[in-house]
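Participant: Okay, here's the structure, questions in a sec.
Read the figures in this text as sums done on the coordinates, not as results from a lab. Keep in mind it's a predicted model, so treat the numbers as computed, not measured. Cβ coordinates were reconstructed from backbone atoms using ideal geometry, including for glycine residues, and neighbour counts include every protein chain displayed.
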Amino acid sequence: MSTMGSTGSPLNDPAIARRAHRMMLAVLAVIGVLLVVRSFIGTTVGTGEAARNTHGFGMVYVERAEQGFVSERVTETGKDGVAAEVTKWKPVTPGQTPEISWTNWNETTGDAWATAVMKDSAQSSIEVSWSRTVGVWAAAILTLCVFSFLWRDNPAYKLAESIVIGVSAGYWMIVSVWDTMVPKLVGALAPAWTKANLMPSFDAVSVDWWALVPLGLGLLLLCRLSARASWLGVFPLAFIVGTFAGLKFVQYVEADLVAQVATMFDPLVVVKHQAAIGADAATVAASPIDWAGSVGGSLAA
């Protein structure tokens, strides 16, 4: 008597499912053991005398880069034509004391780290970034968790899915705030405050009151969250869709329709090209006819 499920598929047999589950765990355990062994063996970076053996792999190296700036008062003219003094920040030159400074850590190669250690074993300009290394491994593990869905739906896949979607949504929200809302909305309505508190490199010197229009439309869009005031969200939505459709329609007409139709308006009578360039109407009329070009244009039409 068959031990298969009611559908006759081996995948529905609990015993087969348990064996497949144990096999998957065994494969993952073997991979984990190999990773641990490989981490103790180490990885050789650099060549020749600069060769160094580092324990672990998938490691990220970073190089220190100091950044310093000094302020300078300059006069600029805003959109309204009013001149005003603004503060500009310029990189320091040798010998200057920076007013603002910070340290950037730029990714580099293991070979660069090995070469720096060979020259000075106590150097600290290039080192291992453990936070970025952990990030690389976290990304690799999450990728494997996502691929585990090819086996079947499991908690690891659910966890990776939630983390990736949540982190991606949060990341792009922050990017949108600092790349769009802060410079184009807050900076347009309060340029001095934005430059002093949010973006020191912001250059606007005058208030742009037109920024109140997208602010109002955006607030009306939030009315869609309310059942009683949801009708107010129809107006900004119609404005956005209509404006976008109009702009795209004009671009389509100019780029596709007009450009393709214009190629059909070739002259039936073609004069010599040399006489037609920069010549007046009388000179063009007196120019000899290019019979080959005229016949070719007529056939192409």
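Participant: May I ask you to list the residues of the stretch 145-187 whose amide nitrogen lies under 16 Å from a point 7 Å from Cα along the Cα→beta-carbon direction of M24?
Facilitator: Within reach of a label on M24: 145-161.
Participant: Check the straight Cα-Cα distances from K184 and name the aspartates and glutamates below 14 Å, setting aside those fewer than 8 residues away within the same chain.
Facilitator: D203, D208
Participant: Can you give the extra length, in nm with one decimal, that the chain gains between E49 and L35 once fully stretched, where that is 0.36 nm per residue apart less the Cα-Cα distance? Write out the running numbers ahead of the final one.
Facilitator: Numbers: separation 14, 0.36 × 14 = 5.04 nm, distance 2.79 nm.
Additional length available on full extension: 2.3 nm.
Participant: A further question follows. Give, rounded to the nearest 20 debye, the magnitude of the charge dipole that the stretch 94-196 has about its Cα centre when Lys and Arg contribute +1 at Cβ and Asp and Glu contribute -1 at Cβ. Show your work: numbers first, answer last.
Facilitator: Working: 6 positive and 8 negative charges, 56 e Å.
For the stretch 94-196, the charge dipole is close to 280 debye.
Participant: What whole number of Å gives the distance from the Cα centroid of the stretch 196-269 to the Cα centroid of the stretch 29-65?
Facilitator: 51
Participant: Right, something else. Determine which aspartates and glutamates satisfy two conditions relative to K248: a Cα distance under 14 Å, and not lying fewer than 8 residues away in the same chain.
Facilitator: D256
Participant: Rank by packing, highest mean first: peptides 102-114, 219-231, with packing defined as the count of other Cβ atoms within 10 Å averaged across residues.
Facilitator: Working: 102-114: 14.7, 219-231: 12.0.
The densest-packed peptide leads the list: 102-114, 219-231.
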